[in-house]
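Taking it in order: structure first as C-alpha cells, then the write-up.
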Amino acid sequence: AWEKTKHQFDPSEKSDVPANSERITMTPLALFLGVDTLKACVDRYNLAYGSSLEYNKRGYLMISVLQMQTFFTKVISKIVAHVKDLIIENPVSYVYLVGGFAESKMLQMRVKVDLQAANPGLHVIVPTRPQLMVVKGAVIFGMQKGNAIMSRVSRSTYGYGSLTRYDASNPDHTRRGKKKHDGKAYVNVKHFYSFVEHGSKIQVLDTHTRGGRCPASVNQKHITFKLFSALPRDPDGPPLKFVDEPGVTYIGKVSVPCLHGETSEIAISFGNTEIKAKATNEKTGQVCHADIQYDFNSL
C-alpha cells in the first residue's frame, strides 16, 4: 500500500489530468497515520499554506491537480534554470529529455516554452518512452567496441599537487607556513599544476603530461602524484595556486619508485568512464598506473 501511495505522487501520472478543478484521490493514508492524525495533519497544512486539502471518513486524501502541481514547481524551475546556464556556456541545437521525470508533462511544457523563448531555433525532443532511453543508452554504450565517446568538454580543471620552494616575501606562502626537506624550505601546502582547464575540449585518450619532478629528500624512494579537480573560477578573480583553495577536490593518486637524482613524469588521459593516470620514472622507465572514476564523491 505504501508503494502504491508513493507511486501516486509520480508527476508523470498526475500531469495528464486535464482540468485544474479535478481532484486526485490518494490511497487511504489513515492506514499509516490513523484518522485522527490524518485530520490533524491536513488541518495544520491548510492553515499554514492556505490550501484546501480534503479527506474523507475512509481516510482518503483528496488533492486538487493545481495543488499537486505546486509540489513540483520549485524543482522544475531549478532544472530549467540550470539547463539555460548550460546552453549559455555550450550552445546546442537540440535538447533531449530522458529519464523518469522527463515523462512529466509539466516539465516538458516548461522546458519547451522557457528554453525555446530564450533560444529561438532550439529543438526540444521527448522520446516516446523517455524513462527507457537511459537504460537503452547504457546497453548501447556497454556494447560499443572501442571508444563510444570521442571528445568531451571538461567541466572542471584537472591537475596535480607538487611542492614549491618557500618565499618569505610571498603572502600566499607565509599564510600557509613552511616545512623543510634536507635543509630546503618548501610551502606547507602543495602548489596546483594544471593539466586541463575548465571548458577545454579534450579528445578521449589524448595524453596530458608534466615531467621533470624529482624527490625533495635524499631519503625519498617514491614520488606520489596526488591528483585534484577544481570547480570553475571567476575569470576576473585570482588564479588557482594551491590545492587547499575552495572548490579543489582530491580525486586520487599514483606513485612510482624514484630515488634522489632521478626524475619522474605524470601523464593523464580521459577515457570513457575514468581518468587514466600514469607515473613514469624518466631514468629507469618504470611505469605505474591508476584508474580514477569520474564519480569523485565515491573516493
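Label positions at T273 and K105, each projected 7 Å from the Cα along the C-beta direction, are separated by 3.8 nm.
Using the average count of surrounding beta-carbon atoms within 10 Å as a protection proxy, the listed peptides 73-80, 265-272 rank, highest first, as 265-272, 73-80. Ordering M106, M150 by accessible surface, largest first, gives M150, M106; the 1.4 Å probe counts only protein heavy atoms, with every chain in place.
Here the accessible area of region 39-181 is 58 percent carbon and sulfur, with a 1.4 angstrom probe and all protein chains present. Which links in K78/K241; K179/K241; K190/K278; K201/K241; K84/K105 stretch past 29 Å when you go from one Cα to the other? Beyond 29 Å between Cα atoms: K78/K241.
A simple spin-label model places pseudo-atoms 7 Å from Cα toward Cβ; at K184 and L259 they are separated by 1.8 nm. Ordered by solvent-accessible area of protein heavy atoms (1.4 Å probe), largest first, the residues L53, L47 come out as L47, L53. Heavy-atom accessible area per residue, region 151-226, 1.4 Å probe: how many Å²? Accessible surface, normalised per residue, equals 56 Å². Is the shape of region 168-218 rounded, prolate or oblate, going by the alpha carbon gyration tensor and its root eigenvalues a ≥ b ≥ c, with a/c under 1.5 for rounded and a/b larger than b/c for prolate? Taking the square roots of the gyration eigenvalues as a ≥ b ≥ c, region 168-218 is oblate.
Across the accessible surface of region 193-298, with the other protein chains kept in place and a 1.4 Å probe, carbon and sulfur atoms take up 49 percent. Among rounded, prolate and oblate, which fits region 192-261 when a ≥ b ≥ c are the square roots of the eigenvalues of its C-alpha gyration tensor, a/c under 1.5 means rounded, and a/b larger than b/c means prolate? It is prolate, given that a/c is not under 1.5 and a/b is the larger ratio. Amide H contacts under 5 Å for I223: V256, C258, restricted to partners 5 or more places along the chain or on a different chain, H placed in the peptide plane at 1.01 Å from N. In sequence order, region 195-208 has phi-based couplings of 9, 9, 8, 3, x, 6, 8, 10, 7, 4, 6, 4, 9, 10 Hz under the Karplus curve 6.51 cos²θ - 1.76 cosθ + 1.60, θ = phi - 60°, and Gly or Pro positions carry x. Distance in nm between label sites at Y60 and T73, each 7 Å beyond Cα in the beta-carbon direction? Roughly 2.7 nm, to one decimal.
The values are calculated or read from the model by the stated rules, or taken from the named source; none is laboratory data. Quick caveat, the model's predicted, so the values are computed rather than measured. So basically every Cβ, Gly included, is an ideal-geometry build from the backbone, and we count neighbours across all protein chains shown. For the accessible areas, the whole protein counts, side chains as well, though only heavy atoms, and no ligand, DNA or RNA atoms are used. Shrake-Rupley method; radii C 1.70, N 1.55, O 1.52, S 1.80 Å.
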